[in-house]
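Shown next, in structure tokens, is the structure this report addresses.
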Amino acid sequence: MHDRNWTFTRRGAPQAALALIAGLGLLAAPPAARSAQPNPEVRVNTSMGSFVIELRPRRAPLTVKDFLHYVRSGFYTNTLFHRVVANFIIQGGGHEATPPYALKPTGPPVVNESGNGLENRAGTVGLARSANPDSGTAQFYVNLVDNPELDPLPTRWGYTVFGKVIHGMNVVERIGMVPTGAFGPFKSYAPLKPVVIKSIQLITPATPHAASAAGPAPGKTAPPGGAAAATKTSASKPESPASGGTPPPKS
């Protein structure tokens, strides 16, 4: 999405003056060109290969800022993809990769930004959470297929999409096909052979949007139905995905 180009249109300005300004190089480049910066990217290095996520700080500024904080602190080093559901999602970033596979302590949860216009399409990356819409912290998931049931509706909150896999989706798909079941503290959908996140590295400079809390003010980002819908259904649980009634991403 690009900002509208600006043009110098001051009424009554003599053409000679305009020509002089242009000749001196005083006509600045359009703001869109000046402010355009690449979205930050991170490389997820796993025991089954690596993939790259492009983050979307302009759409999910608070979520991206929080995610990058975990990345820079090394939080994700030696954690698990502990939940893999074929034809649905892979989820990880919260449990230690060594027995007893404990859940790592996190910072405060981030405000739900699921109403940002980004949809849960195949290859997109979202923030896992509990039934509480504003409970997401460090755990993230990658959609293996389109999962519109995770998007917000006028009557309920959705799951915040904040990035997309742009390289290595074949690695994500391989992870999505590993045998799963009960393993360690996990009752179901856990890879029987642990899939380890060795590290997550920032590989492009973060934009100002990700480095600050620019965007929505602290508080709740209202779902499409507006504030009234948010008040009425803020604790409602999303519908079960179509993949055999599998519960949605949860932390």
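Restricted to region 190-202, and to residues that are surrounded by fewer than 18 Cβ atoms within 10 Å (Cβ to Cβ) and within 22 Å of the chain's Cα centre (by Cα), which residue is farthest from Tyr70 (Cα to Cα)?
To start, the set of residues in region 190-202 that are surrounded by fewer than 18 Cβ atoms within 10 Å (Cβ to Cβ) comprises 192-193, 198-199, 201-202.
Filter once more, keeping what is within 22 Å of the chain's Cα centre (by Cα): 198-199, 201-202.
Values: Lys198: 14, Ser199: 11, Gln201: 10, Leu202: 11 Å.
If we take residues in region 190-202 being surrounded by fewer than 18 Cβ atoms within 10 Å (Cβ to Cβ) and within 22 Å of the chain's Cα centre (by Cα), then Lys198 is farthest from Tyr70 (Cα to Cα).
Might you let me know whether region 217-228 holds any residue that is modelled with pLDDT of 95 or more and outside any loop (DSSP other than H, G, I, E, B)?
So far as region 217-228 goes, no, none of its residues is modelled with pLDDT of 95 or more and outside any loop (DSSP other than H, G, I, E, B).
Considering every residue within region 90-109, establish whether at least one is in a helix (DSSP H, G or I), of a type in the set (Lys, Arg) and surrounded by fewer than 23 Cβ atoms within 10 Å (Cβ to Cβ).
no
Which count do you get for residues in region 128-164 that are aliphatic (A, V, I, L, M) and either surrounded by fewer than 23 Cβ atoms within 10 Å (Cβ to Cβ) or in contact with a Cys (Cβ under 9 Å, 6 or more places away or on another chain) (or both)? Walk me through how you get there before you give the answer.
Kept after step one, since they are aliphatic (A, V, I, L, M), are these residues of region 128-164: 128, 131, 138, 142, 144-145, 150, 153, 161.
Those still in the list that are either surrounded by fewer than 23 Cβ atoms within 10 Å (Cβ to Cβ) or in contact with a Cys (Cβ under 9 Å, 6 or more places away or on another chain) (or both) too: 131, 144-145, 153.
So the count comes out to 4.
Counting just the residues of region 92-120 that are free of Cβ contacts under 8 Å to residues at least 40 places away in the same chain and among the charged types (D, E, K, R), which one comes out farthest from Lys65 (Cα to Cα)?
Per the criteria, the residue is Glu96.
Output the residues belonging to region 26-60 that are of a type in the set (D, E, K, R), at pLDDT 90 or above and surrounded by fewer than 22 Cβ atoms within 10 Å (Cβ to Cβ).
Pass one, region 26-60, residues of a type in the set (D, E, K, R): 34, 41, 43, 54, 56, 58-59.
Retained after the next criterion (residues that are at pLDDT 90 or above): 41, 43, 54, 56, 58-59.
Correct list: Glu41, Arg43, Glu54, Arg58, Arg59.
Which numbered condition trips up Asn78, out of (1) closer than 23 Å to Met169 by Cβ; (2) more than 18 Å from the chain's Cα centre (by Cα); (3) of a type in the set (S, T, N, Q)?
Of everything listed in (1) closer than 23 Å to Met169 by Cβ; (2) more than 18 Å from the chain's Cα centre (by Cα); (3) of a type in the set (S, T, N, Q), Asn78 misses just condition (1).
Answer with yes or no whether Gly23 is modelled with pLDDT under 95 and surrounded by fewer than 20 Cβ atoms within 10 Å (Cβ to Cβ).
Considered against the rule, which asks whether it is modelled with pLDDT under 95 and surrounded by fewer than 20 Cβ atoms within 10 Å (Cβ to Cβ), Gly23 comes out as yes.
Report every pair of residues separated by at least 6 positions or lying on different chains whose Cβ atoms are under 8 Å apart, first residue within region 50-65 and on the phi < 0 side of the Ramachandran plot and part of a helix (DSSP H, G or I), second charged (D, E, K, R) and at pLDDT 95 or above.
Once the first residue is on the phi < 0 side of the Ramachandran plot and part of a helix (DSSP H, G or I) and sits in region 50-65, its partners that are charged (D, E, K, R) and at pLDDT 95 or above give Pro61/Glu113; Leu62/Glu113; Thr63/Glu113; Val64/Arg56.
Out of all the residues in region 165-189, which are surrounded by fewer than 16 Cβ atoms within 10 Å (Cβ to Cβ), of a type in the set (Gly, Ala, Ser) and not in a strand (DSSP E or B)?
Correct list: Gly184 only.
Restricting to region 143-191, give me the number of residues that are free of Cβ contacts under 8 Å to residues at least 24 places away in the same chain and among the hydrophobic types (A, V, I, L, M, F, W, C).
Adding up the residues that qualify gives 2.
Name the pairs whose Cβ atoms lie under 7 Å apart, with the first residue in region 71-91 and more than 16 Å from Gln201 (Cα to Cα), the second outside any strand (DSSP E or B) and modelled with pLDDT under 95, and 6 or more positions between them or separate chains?
If the second residue must be outside any strand (DSSP E or B) and modelled with pLDDT under 95, the pairs left are Val85/Ser243; Val85/Thr246; Asn87/Ser243; Phe88/Pro241; Phe88/Ser243; Phe88/Thr246; Ile89/Pro249; Gln91/Pro249.
Got a number for residues in region 121-145 being part of a loop (DSSP other than H, G, I, E, B) and in contact with a Ser or Thr (Cβ under 9 Å, 6 or more places away or on another chain)?
Of the residues in region 121-145, 13 are part of a loop (DSSP other than H, G, I, E, B) and in contact with a Ser or Thr (Cβ under 9 Å, 6 or more places away or on another chain).
Which is within 18 Å of the chain's Cα centre (by Cα) and under 19 Å from Pro194 (Cβ atoms), of Gly107, Gly93?
When all the criteria are applied, what remains is Gly93.
Inside region 123-149, can you point out the residues that are under 13 Å from the mean Cα position of the chain (by Cα), aliphatic (A, V, I, L, M) and more than 18 Å from His69 (Cα to Cα)? Quick ask: steps written out before the conclusion?
First, pick out the residues of region 123-149 that are under 13 Å from the mean Cα position of the chain (by Cα): 123-129, 136-143.
The next check asks that each one be aliphatic (A, V, I, L, M); those that pass are 125, 127-128, 138, 142.
Residue satisfying the conditions is Val142 alone.
The values are calculated or read from the model by the stated rules, or taken from the named source; none is laboratory data. All values reported here derive from a predicted model rather than from experimental measurement. Cβ atoms come from the backbone with ideal geometry, glycine included; neighbour counts cover every protein chain shown.
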